[in-house]
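A short reminder: the numbers here are calculations on the coordinates, not readings from a lab. Owing to the predicted nature of the structure, the values given are computational and were not obtained by experimental measurement. Neighbour counts run over all protein chains shown; Cβ positions are idealised from the backbone, glycine included.
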Amino acid sequence: MKFGITTSKIDEIGLITHAENLGYDYCWVTDSQMIRSNPWAVLALAAQQTQKIRLGTGVAVAGLRLAPVTANGIATINRLAPGRTFLGLGTGNTAMRAMGQPPMKLGPFRQYVRVVQGLLKGEEVEYSLDGASYPIQFRNTEFNYIDLEHPIPIHISGFGPHTQALAGEIADGLITGYPRGGSVTQALSNMRKGAAKSGRSLKGFETYALVNILMLGPNQKLTDEDVIRQCGSAIMANIHFVVDWVKETGNSPPDFVEPFWDEYMAYHATREIGRAHIKLHESHYSYLDPQEAKLITPDMIKAFTIAGQPEEMIEQLRDLEDEGLGAINFIAPLEQQYRLIEDFARKVIARM
């Protein structure tokens, strides 16, 4: 199994170099313009200050920029880190919803990915914008403004069956979430259905999952305040997604939120009309709202987190690996990020 971290803070490039020295395989940089640093700036700095670790977006949001702009961005980073650059692409959960906008629909997203793929292969592609279509292709590549010589894998973020299938159909890898994206078995089944649809081989295909981790210290309990603070923000990011999903689809909330759903929605309703989307996503993997902290129970921690003593975490990770998962990534709380990636590397990764 491969291991990665996620960051997006422009003045914390040292976290990436530290992760490289600890033996982490890759780093995702997030793309959430309302709450994070610009991903291309972070990746450029990281590329110049690292030697081995793979670097890419986790994930670049299609609705935020034109497909040729995204292709140019990652190809520019590839010039700085040739052969260790990848591009994660997604429809945009937090980044779009934090502006009150929906994620991109599957059809336009498929076309977006196809344009980016073709351009990164150096091909001429048909590109449509505002009702007009024209052929486009990167030019002047011999001057090395960008690097198309070293292949850039494209990984599609898929938390539902349709995007998971799309990854299998056209991408080089799948990025899902555990457990929000379903079980690993379910995600891989959907991915294989997509591959079968296009008749392609999955040789070299990679499967990643964003997971939440909680490493307990001696005598720590799941009810301890510092334990809840460590994992609470990551858990609530899943609940924030459910709020939007229920609102947009009209579906009933999943079983795991029913015990507190009415209470939480009543709290959510107290937010200023027309600005609820701003408040809902501002704590995304950053801090734990005191009102939301009350909702975090040991059962929620167990459901959403790879948690326990290092030996217990290793057992859970090996189960996921046996199920077919190839790599995991986690987002460490800001105030604990250096300590957590170091403890996890030495107490878990080194023993797997």
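Some points to look at:
- On Cα atoms only, tilt of 337-347 relative to the major axis of the chain in degrees: 90 degrees
- Of the three principal axes defined by the Cα atoms of the range 225-299, the extents in descending order read 34, 26, 18 Å.
- Using θ = phi - 60° in the Karplus curve 6.51 cos²θ - 1.76 cosθ + 1.60, the 3J(HN,Hα) couplings for the range 112-120 round to 4, 4, 4, 5, 4, 4, x, 5, 5 Hz; x is entered for Gly and Pro.
- Under the convention that each Lys and Arg Cβ holds +1 and each Asp and Glu Cβ holds -1, the size of the dipole of the chain around its Cα centre is about 720 debye.
- Karplus (6.51, -1.76, 1.60) ³J(HN,Hα), θ = phi - 60°, over the range 170-177, in Hz, Gly and Pro reported as x: 10, 9, 9, x, 10, 10, 10, x
- Taking amide H as placed 1.01 Å from N in the peptide plane, residue 59 has its amide H under 5 Å from the amide H of 31, each at least 5 places away in sequence or on another chain.
- Taking 0.36 nm per residue of separation and subtracting the current Cα-Cα distance, fully stretching the chain between residue 52 and residue 34 would add 3.5 nm.
- Ranked by how many other beta carbons lie within 10 Å on average, peptides 107-115, 64-72, 193-201 from highest: 64-72, 107-115, 193-201
- Among the listed pairs 2/347; 221/302; 279/302; 221/294; 121/197; 247/279, those beyond 18 Å (Cα-Cα): 279/302; 121/197
- Global geometry of the range 41-148, whether rounded, prolate or oblate, following the gyration tensor of its Cα atoms and the 1.5 cut on a/c: oblate
- For the range 178-185, 3J(HN,Hα) per residue [Karplus equation, 6.51 cos²θ - 1.76 cosθ + 1.60, θ = phi - 60°, Hz, x = Gly/Pro]: 10, x, 4, x, x, 5, 4, 4
- Förster-model FRET efficiency, 25 Å R0, residue 276 and residue 334, C-beta, rounded to 0.05: 0.55
- Helical content of the chain, expressed as a calculated mean residue ellipticity at 222 nm, amounts to -13000 deg cm²/dmol (DSSP H runs of 4 or more residues, -39,500 (n - 2.57) each, divided by residue number, nearest 500).
- Approximating the spin labels as points 7 Å out from Cα along Cα→Cβ, the residue 143-to-residue 269 distance works out to 6.0 nm.
- As a proxy for reagent exposure, ranking 136, 5 by other Cβ atoms within 10 Å from fewest up yields 136, 5.
- Taking 0.36 nm per residue of separation and subtracting the current Cα-Cα distance, fully stretching the chain between residue 312 and residue 287 would add 6.4 nm.
- Paramagnetic reach from residue 185 in the range 316-347 [backbone N under 14 Å; point 7 Å along Cα→Cβ]: 319-325
- Alpha carbon Rg of the chain, scaled by the compact-globule rule 2.2 N^0.38 Å: 0.98
- Nonlocal amide H pairs with residue 127, under 5 Å, H built at 1.01 Å: 134, 136
- Positive-end ranking of 296, 168, 125 along the dipole of the chain, with charges on Cβ about the Cα centre, is headed by 125.
- Fluctuation leader among 226, 147, 172 - the chain, Gaussian network, Cα springs under 10 angstrom: 226
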